[in-house]
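Heads up, the thing below is written out as structure tokens.
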Amino acid sequence: MEKKTPGEICRTGFAERLRTIAAFEPYGRSATALSKAFNLRFPRMAITSHAARKWLIGEAIPTQAKLVALAEWLDVDPTWLRFGGSPGSSELSPSQKYSDRIEFDLRLLTPVERKVIRAALDAVFSARELMAK
């Protein structure tokens, strides 16, 4: 068995950490799904499905800006995502506060899009009140 280089170890570790994040699960098997979801959230830092594939299989690590964006989207510490850390270190482990990431996605909407979502939520809450009566 061939010995891995330090770079290969870093890239493989990044890919493994990426796949362990619960919020990442829907994208873990498809580079195309990952690139589309990333590009929707970060259109100014768009990636190709080929780049996403390299992240998934441990052939590449994102640039620092993309890594920070990815970590923010997935609600993990960017340092942990890039370098890992000791298992007992709460500072470097994923925070996993919100697995569906709706709060993050809402921040990416334009003011007009937020109004549409607000109207939809108001309709849901109004319907809930009517059903409770």
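The values are calculated or read from the model by the stated rules, or taken from the named source; none is laboratory data. Note that this is a predicted model, so its numbers are computed, not measured. Because the Cβ atoms are built from the backbone with ideal geometry, glycine has one as well, and the counts that use them run over all protein chains shown. What goes into the accessible areas is simple: the full protein's heavy atoms, side chains included, and nothing from ligands, DNA or RNA. Shrake-Rupley method; radii C 1.70, N 1.55, O 1.52, S 1.80 Å.
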TODO: Mind listing whichever residues of the stretch 41-63 are open to solvent by 40 Å² or more (accessible area, probe 1.4 Å) and free of Cβ contacts under 8 Å to residues at least 24 places away in the same chain?
DONE: Pro43, Arg44, Ala46, Thr48, Ser49, His50, Arg53, Lys54, Thr63
TODO: Please verify whether the stretch 28-39 includes one or more residues that are open to solvent by less than 70 Å² (accessible area, probe 1.4 Å), out of contact with any Asp or Glu (no Cβ under 7 Å at 6 or more places or on another chain) and on the phi > 0 side of the Ramachandran plot.
DONE: no
- [ ] State which residue is modelled with the lowest pLDDT when the search covers only the stretch 77-118 and only residues that are open to solvent by less than 60 Å² (accessible area, probe 1.4 Å) and of a type in the set (A, V, I, L, M).
- [x] Leu92
Open item on the list: Cβ contacts < 6 Å: first residue in a loop (DSSP other than H, G, I, E, B), restricted to the stretch 19-30; second residue open to solvent by 100 Å² or more (accessible area, probe 1.4 Å), any location; separation 6+ or different chain. Result?
Closed with: Gly28/Arg19
- [ ] Give the stretch 1-27 a look and list any residue that's more than 17 Å from Lys66 (Cα to Cα), charged (D, E, K, R) and open to solvent by less than 90 Å² (accessible area, probe 1.4 Å), or say none.
- [x] Glu8
